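The structure under discussion appears below in the form of structure tokens.
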């Protein structure tokens, strides 16, 4: 993927497509194009003006997402609203969500993400997008070098009562054996505690190569897993109620050494500063290449409902 500064998602409207302003018009257009090739060329496609609502979303998803995935191993709170369709991250609206590639901390991640705006926020609430290759290129060379050895992600998932997500919600099952079957082929280390909590440990690279373009991409969530990006007040409050070994998530360098606070703040701030905002309109459908493009969320006020689904 190019790291040019003028990158933006490709906009597709009924006028551009030569079809009616309806969901049926969008379906007809999708049937006439090669979605895979178009996404490889542009990395993000914004279908605007087709009036897609929550009920009609199922009509267009099969073409855009050939095989919808469950949000297995996801670390953020969401509500499942349909067959592998979820609300976007349910995080207080007054806070931005920093740039990231979905499940980049996990051993398996989706190749595509689809977002659909059911209700845009009264103010704010844009979804920023960022060329992951450019993000990597713009980072300080010292940070890139420090991260080159990879990262170690640790999770503490309680068994039903506690801070953060439970392992049942994370893996969408109540069966320990099923969780172990999911973890076994991933190279993860895990242990069950006497209180029915689950600890996991994954070592992952900080960058990956895009399977089509070969470009090296920044592909990790170190800043989101590191307490320094929570702010000193929140860090202090969290330390007072949660033992360090029971933090829902934490991250170090692969060798276990700590990541300096200033490194993750630089990664977070650089990502949000470089991103291109998608200011939602009702009925928008956005398809992105989850490897080539990072996404986040701007702070907002008012009611906002954006749904998300993902696929290989």
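Before moving on, here are some points about what is shown:
- Among the residues of segment 275-291, those identified as part of a strand (DSSP E or B), touching a strand residue (DSSP E or B) at 6+ places or on another chain (Cβ under 6 Å) and either free of Cβ contacts under 8 Å to residues at least 60 places away in the same chain or crowded, with 21+ Cβ neighbours inside 10 Å (or both) are 278, 285, 286, 287, 288.
- Complete set of residues in segment 101-131 that are in contact with a helix residue (DSSP H, G or I) (Cβ under 9 Å, 6 or more places away or on another chain) and closer than 24 Å to residue 48 by Cα: 101, 112, 114, 116, 118, 128, 130, 131
Residue-wise test of (1) free of Cβ contacts under 8 Å to residues at least 12 places away in the same chain; (2) on the phi > 0 side of the Ramachandran plot; (3) in a helix (DSSP H, G or I).
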residue: 37; (1), (2), (3): yes, no, yes
residue: 46; (1), (2), (3): no, no, no
residue: 62; (1), (2), (3): yes, no, yes
residue: 73; (1), (2), (3): no, yes, no
residue: 81; (1), (2), (3): no, no, no
residue: 86; (1), (2), (3): no, no, no
residue: 89; (1), (2), (3): no, no, no
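- Test result for residue 294, touching a helix residue (DSSP H, G or I) at 6+ places or on another chain (Cβ under 6 Å), in the same structural domain as residue 108 (by TED's automatic domain parsing) and buried (at least 16 other Cβ atoms within 10 Å of the Cβ): yes
This table checks each residue for (1) touching a helix residue (DSSP H, G or I) at 6+ places or on another chain (Cβ under 9 Å); (2) modelled with pLDDT under 95; (3) under 21 Å from residue 289 (Cβ atoms); (4) buried (at least 18 other Cβ atoms within 10 Å of the Cβ).
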| site | (1), (2), (3), (4) |
| --- | --- |
| 19 | yes, yes, no, yes |
| 37 | no, no, yes, no |
| 44 | no, no, yes, yes |
| 49 | yes, no, no, yes |
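The values are calculated or read from the model by the stated rules, or taken from the named source; none is laboratory data. Everything quoted here is computed from the prediction, not taken from an experiment. In this analysis, Cβ positions are derived from the backbone assuming ideal geometry, glycine residues included, and neighbour counts consider all displayed protein chains.
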